[in-house]
1. Going by the conditions given, is Arg151 over 30 Å from Thr28 (Cα atoms) and in contact with a helix residue (DSSP H, G or I) (Cβ under 9 Å, 6 or more places away or on another chain)?
2. Hey, does the stretch 140-148 have a residue that's surrounded by 15 or more Cβ atoms within 10 Å (Cβ to Cβ) and under 30 Å from Asp11 (Cα atoms)?
3. From Arg143, Arg161, Arg183, Arg168, grab the single residue that is touching a residue at least 40 places away in the same chain (Cβ under 8 Å) and over 24 Å from His105 (Cβ atoms).
4. Any residue at all in the stretch 158-170 that's under 24 Å from Asp112 (Cα atoms) and assigned to a loop (DSSP other than H, G, I, E, B)?
5. Which is among the basic types (Lys, Arg) and assigned to a loop (DSSP other than H, G, I, E, B), of Arg143, Arg57?
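The values are calculated or read from the model by the stated rules, or taken from the named source; none is laboratory data. None of the values given here were measured: they were computed from a predicted structure. Here Cβ is always computed from backbone atoms with ideal geometry, including for glycine, and neighbour counts include all displayed protein chains.
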Amino acid sequence: MARRERFDLCDTFERVGPDAPTLCMPWTTRDLAAHLVVREGRPDLASGIWVPFLKDRTEREQARIAAQPWADLVEAVRSGPPGWHPTQLPAVDNAVNFAEMVVHHEDVLRGDGAPGPRREPDAHLEAAVWALLSRMGRILFRRVPVGVELRAPGRNTLTVRGGDETVRVTGAPLELLLTAYGRRNVAEIEVSGPPEAVTAFETARFGL
């Protein structure tokens, strides 16, 4: 699934071009593509996204990669990491890259900032996203100060956070995933529960 989502993201890159907005402002699609190449091809610098003393080096390398022709940059994302990289193994690729590719694909598709779906996910994608939420939900919602239950059509309730007061978050799996990764403003979900709990949820931080 990670590989398929990678290819779909690259198709979207080609369709919208290098200067389209993304949800990772101020990054354009060119910047986002360069980020993905650095993340996979330069693990020694990828930590600069979070580690302050590496930030300048990471940004210089990302700018260098972003300067190449757009077609070459998209092909670098499409071809994936070097042959020695552990994510060449499909199981590792899915574990490490599936969420990255899905969320960043939506960052491009919803780059105008308007809420709501831009594509019709098939059953395989929805099942994979729901499985990811089942594994990672407790981590992704850990900062929410109230209980959280996730509901998607045709699926059992998933409790990802306990609490004295609980909100129920209802939506398609992809919309719930975007919420979990801090894209609440573009996710089409319904949040129900005690008013104070709903407010606490809506103002909480999400994601890793």
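1. yes
2. yes
3. Arg143
4. no
5. The match here is Arg143.
To keep it simple, each residue is scored yes or no on (1) outside the structural domain of Val129 (by TED's automatic domain parsing); (2) at pLDDT 95 or above; (3) under 17 Å from the mean Cα position of the chain (by Cα); (4) assigned to a helix (DSSP H, G or I).
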| position | (1), (2), (3), (4) |
| --- | --- |
| Leu45 | yes, no, no, yes |
| Ala63 | yes, no, no, yes |
| Trp84 | yes, no, no, no |
| Val96 | yes, no, yes, yes |
